[in-house]
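Heads up: the structure comes next, in structure tokens.
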Amino acid sequence: MITKLPDGKTIDECIHEFPILKNIIDTKEVFWVNPKLEAFEEAIKKISLNEHDVRDAENRLTRFAPLMSNLFLETLVLGGLIESPMYSIPYMQRSLENLFNIKIPGELLLKCDSHLPIAGSIKARGGIYEVLKHTEDLALEHNLIKLEDDYSIMESEQFRKFFSKYTIQVGSTGNLGLSIGIMSAKIGFKVIVHMSADAKQWKKDLLRSKGVTVIEYQSDYSKAVEGGRKLSDIDPMSYFVDDENSTNLFLGYSTAAHRLKKQLEDMKIIVDSEHPLFVYLPCGVGGGPGGVAFGLKLIFKDNVHCFFAEPTHSPCMLLGLLTEQYEKVSVQDFGIDNITEADGLAVGTPSGFVARTLQNSLSGVYTVEDDKLFMLLSTLIDTEEIPLEPSACAGIIGVAKLFVNVSATKYLKDHNLTDKMTEATHIAWATGGGLVPKDVMEGYYEKGLNLLAKRDNHGLH
């Protein structure tokens, strides 16, 4: 633990200023409401990105759709676009009520980015988009294509030979590496994925089976990113996907919002001032949940309330926003070990870009213990027959926390939402799990069942 933060304050001074920090340091679960949240029309003035940028990303994905449907047959059903289903999960909602001894008004939905084609996680949005953006940039720069061309021509040996001269590198705890690795290798790039110590073995094995070079680190995510960036910088033919600062990743994630709007309309679900929308997004470095939240705020403005979810041992975005030191502080600075079974969220330092972009738009951040993630995982399989990896379950508990936490209920009161909750829609964003091997998932499930059997009679508070 450090003695002083970059702004000169001591840890004790910070705890005095932000009393919630004591529980965060003690790795207790917290629910933090963002005091800097502003009305959307004010917040958007401080953000460099806008609706035009998101539309540009959507159009790029449309241009690549013919190629994607050829390269990945599982995308054929949506014409080469990568999208996930969304389900109502009433049995899980009832189980949450029982586990927490509460009543949850409104409807709970699960957005299954856990089962996105190709990568089996939310990273199929941002990671694959950034690879496609780089692919297009190179092809245009070398006059190999025009924007109006049928991009399926890039499947030819001529293009593969061209792209094989280039390398793409990325640092990852697992899922981003899968999306970047699988997509880049399919296009023809050389790929190097720098994996942190917490990355699961099966993810490394899967990447290697696709012809990807995996470099393993004995330290956490930040060191994997640092190592990858250094190696890439010395190679003029290498492109580094920077999860901490990439606007391309961010915009790839943001394209989810317009598609979600259509899904809600198809489900006859209204979102307006009388029918609020609450979205709970698992957060690692912040790019995925940040991009999704940004896209949702552009569409639904003040009628959507976005909350990030982090493990109690990796609350990097919470610490960055709380102290307003953003990427200048890490969880280790506060004596927190950054060790969690939620490997996709095992990040010690947040994206400064995402933290600053969303500092006036995010409703709040809550933390959750690892054991509860496994309990939620098993319960979801038993109630809805949907398998997720542990980190993806962090969003599910958000709707329960909204009704049991004093700070959360005050948020509802302060925003005149208390009387509107029977008409509310809650979306837990499931971020990964589609590619988890059967034996690994069975291990997760058994662990969750054992933890549920041991819990006391007072619910999961």
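The values are calculated or read from the model by the stated rules, or taken from the named source; none is laboratory data. This is a predicted model, so every value here is computed, not measured. No Cβ is skipped: glycine too gets one built from the backbone with ideal geometry, and neighbour counts run over all protein chains shown.
A few remarks follow.
- Scanning region 405-439 for residues being surrounded by 14 or more Cβ atoms within 10 Å (Cβ to Cβ), touching a residue at least 24 places away in the same chain (Cβ under 8 Å) and out of contact with any helix residue (DSSP H, G or I) (no Cβ under 6 Å at 6 or more places or on another chain) gives a total of 13.
- Enumeration of residues in region 170-191 that are over 27 Å from Ser152 (Cβ atoms) and either hydroxyl-bearing (Ser, Thr, Tyr) or assigned to a strand (DSSP E or B) (or both): Gly171, Ser172, Thr173
- From the options Leu376, Leu380, Leu452, residue that is in contact (Cβ under 8 Å) with a residue 12 or more places away in the chain, hydrophobic (A, V, I, L, M, F, W, C), in a helix (DSSP H, G or I) and within 30 Å of Asp302 (Cβ to Cβ): Leu376
- When the residues of region 383-398 are filtered to those that are surrounded by fewer than 23 Cβ atoms within 10 Å (Cβ to Cβ) and either touching a residue at least 12 places away in the same chain (Cβ under 8 Å) or among the polar types (S, T, N, Q) (or both), the one that is farthest from Lys103 (Cα to Cα) is Pro387.
- Among the residues listed as Ser254, Ser232, the single one being of a type outside the set (Phe, Trp, Tyr), crowded, with 21+ Cβ neighbours inside 10 Å and farther than 27 Å from Val436 by Cα: Ser232
- Every residue from region 165-177 that is out of contact with any Leu (no Cβ under 7 Å at 6 or more places or on another chain) and farther than 22 Å from Asp205 by Cα: Lys165
- Residue ID - surrounded by the fewest Cβ atoms within 10 Å (Cβ to Cβ), chosen from residues in region 140-168 that are small (Gly, Ala, Ser) and over 14 Å from Met237 (Cα atoms): Ser156
- Residue in region 349-368 that is under 18 Å from Leu176 (Cα atoms), assigned to a strand (DSSP E or B) and within 17 Å of the chain's Cα centre (by Cα) present: no
- Residue match in region 378-393 (condition: charged (D, E, K, R) and under 14 Å from the mean Cα position of the chain (by Cα)): yes
- Identity of the residue in region 24-63, β-branched (Val, Ile, Thr) and under 30 Å from Leu81 (Cβ atoms), that ends up surrounded by the most Cβ atoms within 10 Å (Cβ to Cβ): Val54
- Looking across region 197-214, the residues that are aliphatic (A, V, I, L, M) and touching a helix residue (DSSP H, G or I) at 6+ places or on another chain (Cβ under 7 Å) come down to Ala199, Leu206, Leu207, Val212, Val214.
- Only one of the numbered conditions (1) crowded, with 19+ Cβ neighbours inside 10 Å; (2) within 17 Å of Gly188 (Cα to Cα) is violated by Leu71, and that is (1).
- Cβ pairs under 9 Å, 6+ apart, first in region 200-226 and at positive phi and assigned by TED's automatic domain parsing to the domain that holds Lys190, second crowded, with 20+ Cβ neighbours inside 10 Å and among the small types (Gly, Ala, Ser): Gly211/Gly181
- Exclusive hit being under 19 Å from Ala408 (Cβ atoms), in contact with an Asp or Glu (Cβ under 7 Å, 6 or more places away or on another chain) and touching a residue at least 60 places away in the same chain (Cβ under 8 Å), set Pro311, Pro276, Pro282: Pro311
The rows are residues; the columns are (1) outside the structural domain of Pro19 (by TED's automatic domain parsing); (2) more than 29 Å from Val440 (Cβ to Cβ); (3) touching a residue at least 60 places away in the same chain (Cβ under 8 Å).
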| residue | (1), (2), (3) |
| --- | --- |
| Ala257 | no, yes, yes |
| Gly287 | no, no, yes |
| Val292 | no, no, yes |
| Asp337 | no, no, no |
| Pro350 | no, no, yes |
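- Scanning region 216-266 for residues that are modelled with pLDDT of 95 or more, small (Gly, Ala, Ser), part of a helix (DSSP H, G or I) and farther than 30 Å from Phe300 by Cα returns a single hit, Ser232.
- Selection count where residues are touching a residue at least 60 places away in the same chain (Cβ under 8 Å) and touching a Pro at 6+ places or on another chain (Cβ under 8 Å), scope region 60-82: 1
- Within region 107-158, restricting attention to residues that are assigned to a loop (DSSP other than H, G, I, E, B) and under 24 Å from the mean Cα position of the chain (by Cα), the residue that is nearest to Gln263 (Cα to Cα) is Leu116.
- Candidates Ala428, Ala408, Ala400, Ala392: the one that is assigned to a strand (DSSP E or B) and assigned by TED's automatic domain parsing to the domain that holds Val33 is Ala428.
- Test: residue in region 192-201 that is of a type outside the set (Phe, Trp, Tyr), outside any loop (DSSP other than H, G, I, E, B), surrounded by fewer than 24 Cβ atoms within 10 Å (Cβ to Cβ) and at pLDDT below 95: yes
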